[in-house]
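Structure record follows, encoded as C-alpha cells.
Taken together, the values in this text are just the output of simple stated rules run on the coordinates, not laboratory data. Please read all numbers here as calculations on a predicted model, not as lab measurements. Here Cβ is always computed from backbone atoms with ideal geometry, including for glycine, and neighbour counts include all displayed protein chains.
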Amino acid sequence: MKVSAPRPPSSAAALTGIGVVALVMYWLREYILHIVQAGQIAIMVDLIDTRPLPKGRSQPSNARAMVRARLVETGAQFAADQIVKGVLRAITGLILAVFTLLPFRGMRQLLTILRAFLNLAVGVIGEVMLAHAMRTRAADTRSSARDAAPRSRLGVPAACADL
C-alpha cells in the first residue's frame, strides 16, 4: 500500500482564511475603539453636566464602569453604526461609479468630497446618539437614538435611528 504525502491547501483556501482573519481583526479593532470612545463620551457628558466624579476613582476606571453598566446598549449602538456606515459606503460608491461613467468634468472630485463629508457626518451623529443615551441613562437604545437624531426634511438621520 502506497502512502501519499498530504497535499498542501489550495490557494483559495489560504486566501479565504486570510480574509476571515482580516475581517475578524477589523471588527475587533472597530469594537475596541468604539468602547474606548463610549467611555470618553460618558466622562465628557458627566463633566458637561457638572456631575462629580466618584471619589477614589480615576477617569479611566470610571469610564470603564460606566461602559460596563451600559454594555448592551453600547454594543447595539456599535452594530447600528457599522450598518449605517456600510450602507452609506455602498450608496456613495454606487453613485460615484455611475457618475464616473457620465462625461461631467470634476464630478468625481465633487462626489469624493461629498463621500468624505457624509462619512464624517455619520460619525458625529453616532457620537451624538451615544452621548444622549449616556446623558439620559435610557434603557431603550432605539427610542434614545430616535430622540437624539437630528431631524431633516429627507428624514435620513431619523431613519438611521430606527435601526
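Here is how the numbers come out for the structure above:
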{"quantity": "Approximate shape of the stretch 11-161 as ellipsoid semi-axes (Cα gyration tensor, √5λ), whole Å, largest first", "calculated": "34, 22, 13"}
{"quantity": "Within the stretch 72-138, chymotrypsin sites (Phe, Trp or Tyr not before Pro) in DSSP loop having at most 13 other beta-carbon neighbours inside 10 Å", "calculated": "104"}
{"quantity": "Extension reserve of the residue 13-residue 55 stretch, reckoned as 0.36 nm per residue once the Cα distance is removed", "calculated": "9.7 nm"}
{"quantity": "Residue 40 versus residue 64: modelled label distance in nm, points set 7 Å from Cα along the beta carbon direction", "calculated": "1.8 nm"}
{"quantity": "Between helix 59-69 and the chain: long-axis angle, C-alpha atoms, 0 to 90°, nearest 10", "calculated": "80 degrees"}
{"quantity": "Euclidean distance of C-alpha centroids, the stretch 99-121 and the stretch 19-47, integer Å", "calculated": "29 Å"}
{"quantity": "Contour minus Cα-Cα distance for residue 83 and residue 117 (0.36 nm per residue)", "calculated": "10.5 nm"}
{"quantity": "Most to least packed among 29-38, 121-130 [average Cβ atoms within 10 Å]", "calculated": "121-130, 29-38"}
{"quantity": "Residue-span extension gain [residue 105 to residue 90] - 0.36 nm each, minus C-alpha spacing", "calculated": "3.1 nm"}
{"quantity": "R0 of 35 Å, Cβ-Cβ distance residue 22-residue 98: FRET efficiency to nearest 0.05", "calculated": "0.75"}
{"quantity": "Karplus-derived 3J(HN,Hα), 6.51/-1.76/1.60, for each residue of the stretch 104-111, Hz, glycine and proline x", "calculated": "9, 6, x, 5, 4, 5, 4, 5"}
